[in-house]
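Colleague: This is the structure I have questions about; it appears just below.
Read-outs: derived from the displayed coordinates by stated rules, not from any lab. Being a predicted model, the structure only gives us computed values, none of them experimental. Cβ placement follows ideal geometry from the backbone for every residue including glycine, while neighbour counts extend to all protein chains displayed.
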Amino acid sequence: AQSVTQLDSQVPVFEEAPVELRCNYSSSVSVYLFWYVQYPNQGLQLLLKYLSGSTLVKGINGFEAEFNKSQTSFHLRKPSVHISDTAEYFCAVTKGGRAQKLVFGQGTRLTINP
Amino acid sequence: DTEVTQTPKHLVMGMTNKKSLKCEQHMGHRAMYWYKQKAKKPPELMFVYSYEKLSINESVPSRFSPECPNSSLLNLHLHALQPEDSALYLCASSQDRVGEAFFGQGTRLTVV
């Protein structure tokens, strides 16, 4: 079975500062990794995904993440955040396949202060 | 079209009511999902349909009844719900082998 741990439940950051949201996973098989963002009262939007290949993946809204197999991590980063980045961020993992469940972390609430 | 459309956006129902949530996608995806999300929690999987057949039921109470009439539609029939069933219900779909899921905007359900 897979599991995901998001190490920070809340991350407050000042506008234009860099941010890193941490995610570690556990799995006995190869997995695919995702970061989703959820704005208040909305569904989940895919930010980026790691499938294979380059360990540095770039996503929407200036976010990027680095897959580290030895540390079983998939941390999300942004060099300069905006007020509009205030949201809940979920790291998720799946072992792949059409009808496989996504296993989510507990989420990290990113709050951007002016 | 990369959208998953859910209706209604908001629903208030009594504990004796029967209602249905609807989900539609036109991306040709053959797997569709229902997730339940409580406040400040991650989504929890309820059901998975693959090629219109129920493939995963995460031990969901029978007062929730899913239905997949065709490859584009997914329904969730609700009956005799409890106040603790109040939550955001999310529909999702996926196609390729990596299981990347596209989510709808959700239905905010309140049981009174």
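Colleague: Between A:Glu66 and A:Ser3, 0.36 nm times their residue separation minus their Cα-Cα distance comes to what?
Modeller: Taking 0.36 nm per residue and subtracting the Cα distance, the gain is 20.9 nm.
Colleague: I'd like the mean, over residues of B:33-39, of how many other protein chain beta carbons sit within 10 Å of each residue's own Cβ.
Modeller: 2
Colleague: Now, a different point. Taking a 19 Å limit on the Cα-Cα distance, which of the listed pairs B:Lys18/B:Lys40; A:Lys101/B:Lys53; A:Lys69/A:Lys95 fall beyond it?
Modeller: Over 19 Å apart, Cα to Cα: B:Lys18/B:Lys40.
Colleague: Another question, then. What order do you get for B:Asp85, A:Asp8 when you list them from fewest to most C-beta neighbours inside 10 Å?
Modeller: If I rank by nearby Cβ atoms, fewest first, I get A:Asp8, B:Asp85.
Colleague: Treat the count of other C-beta atoms within 10 Å as a stand-in for reagent exposure and order B:Leu54, A:Leu33 from fewest to most. Each step should come with its number before you reach the end.
Modeller: Values: B:Leu54 12, A:Leu33 24.
The fewest-first ordering by Cβ neighbours comes to B:Leu54, A:Leu33.
Colleague: Measure off 7 Å from each Cα along the Cα-to-Cβ vector at A:Arg77 and B:His79, then give the distance between these two points in nanometres to one decimal.
Modeller: For A:Arg77 paired with B:His79, the spin-label model returns 5.4 nm.
Colleague: Assuming R0 = 41 Å, can you tell me the calculated FRET efficiency for the pair A:Leu56 and B:His26, based on Cβ-Cβ distance, to the nearest 0.05?
Modeller: So, using R0 = 41 Å, E works out to roughly 0.80.
Colleague: Distance in nm between label sites at B:Ile56 and B:Thr16, each 7 Å beyond Cα in the beta-carbon direction?
Modeller: Roughly 3.7 nm, to one decimal.
Colleague: So, one more: Below 12 angstrom from the Cβ of A:Pro18, what's the summed charge of the other residues (Lys, Arg +1; Asp, Glu -1)?
Modeller: Numbers: positive: A:Arg77, A:Lys78; negative: A:Glu15, A:Glu16, A:Glu20, A:Glu64, A:Asp85.
Result for the neighbourhood of A:Pro18: -3.
Colleague: Further, regarding this structure: What average count of beta carbons from other chains do you get within 10 Å of the Cβ of residues in B:40-47?
Modeller: Shielding by partners across B:40-47 averages 5.
Colleague: For region B:25-81, run through the trypsin sites (Lys or Arg not before Pro) and keep only the ones in DSSP coil with at most 10 other Cβ atoms within 10 Å of their Cβ.
Modeller: Passing sites in region B:25-81 are B:Lys40.
Colleague: Less than 9 Å Cβ to Cβ from A:Lys78, Lys/Arg counted +1 and Asp/Glu -1: what total charge do the surrounding residues give?
Modeller: The answer is -2.
Colleague: Also: Considering only DSSP states other than H, G, I, E and B, which GluC sites (Glu not before Pro) in region A:12-64 qualify as loop sites with at most 14 other Cβ atoms within 10 Å?
Modeller: In loop regions of region A:12-64 (DSSP not H, G, I, E or B), the sparsely surrounded GluC sites (Glu not before Pro) are A:Glu15, A:Glu16.
Colleague: Related question: Label chain B by shape, choosing from rounded, prolate and oblate, from the square roots a ≥ b ≥ c of the eigenvalues of the Cα gyration tensor; if a/c is under 1.5 it is rounded, and otherwise prolate applies when a/b is larger than b/c, oblate when it is not. Let's see the in-between values first.
Modeller: Working: a/c = 1.73, a/b = 1.64, b/c = 1.06.
Note, shape of chain B comes out prolate.
Colleague: Here is a further query. Calculate how many DSSP beta bridges within the protein assembly as shown are antiparallel, expressed in % of all such bridges and rounded to the nearest 5.
Modeller: Approximately 90 percent, going by the DSSP bridge assignments.
Colleague: Rounded, prolate or oblate for region A:19-101? Axes are the square roots of the Cα gyration tensor eigenvalues, ordered a ≥ b ≥ c, and the cut-off for rounded is a/c under 1.5.
Modeller: The shape class here is oblate.
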